[in-house]
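K.L.:
Have a look at this one before I ask anything.
The values are calculated or read from the model by the stated rules, or taken from the named source; none is laboratory data. The shown structure was predicted, so the numbers you read here are calculated from the model rather than taken from an experiment. Neighbour counts are summed over all protein chains in view; Cβ atoms, including those assigned to glycine, are modelled from backbone coordinates with ideal geometry. For the accessible areas, the whole protein counts, side chains as well, though only heavy atoms, and no ligand, DNA or RNA atoms are used. Shrake-Rupley method; radii C 1.70, N 1.55, O 1.52, S 1.80 Å.
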Amino acid sequence: MQLTDAYDPQNIFAKILRDEMPSIRVFEDETTLAFMDIMPQAPGHVLVIPRVAATNVLTLSADDARAVMTTTHLLAPAVQKAMEAPGLMLAQLNGAAAGQTVPHFHMHIIPRHKGLEMLGHGTEVADMNELADIAARIRAAI
């Protein structure tokens, strides 16, 4: 994927937005959706996406970038509290060369604990019941 490639409406996040694929939703509003990463790098890994079709930061409007960051700003402390994490990692990748695997702009919120190594990106599918429990804890902490 080049940074200027056309948006693919069949990507997994587009399907999640259209309810064609299941997801464990944590938060949503008129411009963004946040859901649990089913292949988390650490327990509590949440993804925040815009509802608009944008492949990366270069194809995202400033208003939609603000909306994603506003939702990230709302959820980050809730993730940290729910996971009792002393730290957080926020990540946003642009293009395959940077490690982006889904061509829809997204922000990662990953709780961090000293001494707990992160899994590789997209390596292991989590237990869905465990993800649902974590999502409930995050929603309660908002």
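K.L.:
Does the stretch 54-63 contain any residue that is closer than 23 Å to ILE134 by Cβ, among the hydrophobic types (A, V, I, L, M, F, W, C), open to solvent by 10 Å² or more (accessible area, probe 1.4 Å) and outside any loop (DSSP other than H, G, I, E, B)?
P.N.:
No, there is no match, as no residue in the stretch 54-63 is closer than 23 Å to ILE134 by Cβ, among the hydrophobic types (A, V, I, L, M, F, W, C), open to solvent by 10 Å² or more (accessible area, probe 1.4 Å) and outside any loop (DSSP other than H, G, I, E, B).
K.L.:
Further question: Please go through (1) farther than 14 Å from GLN80 by Cβ; (2) over 16 Å from the mean Cα position of the chain (by Cα); (3) modelled with pLDDT of 95 or more for HIS106 and return the number of the only condition it doesn't satisfy.
P.N.:
(2)
K.L.:
Could you please let me know if GLU84 is closer than 27 Å to ALA140 by Cβ and out of contact with any Leu (no Cβ under 7 Å at 6 or more places or on another chain)?
P.N.:
yes
K.L.:
Looking for something touching a strand residue (DSSP E or B) at 6+ places or on another chain (Cβ under 8 Å), polar (S, T, N, Q), buried (at least 21 other Cβ atoms within 10 Å of the Cβ) and at pLDDT 95 or above - is there at least one such residue anywhere in the stretch 32-39?
P.N.:
yes
K.L.:
For residues in the stretch 4-31 being touching a residue at least 60 places away in the same chain (Cβ under 8 Å) and farther than 25 Å from LEU58 by Cβ, which is surrounded by the fewest Cβ atoms within 10 Å (Cβ to Cβ)?
P.N.:
ARG25
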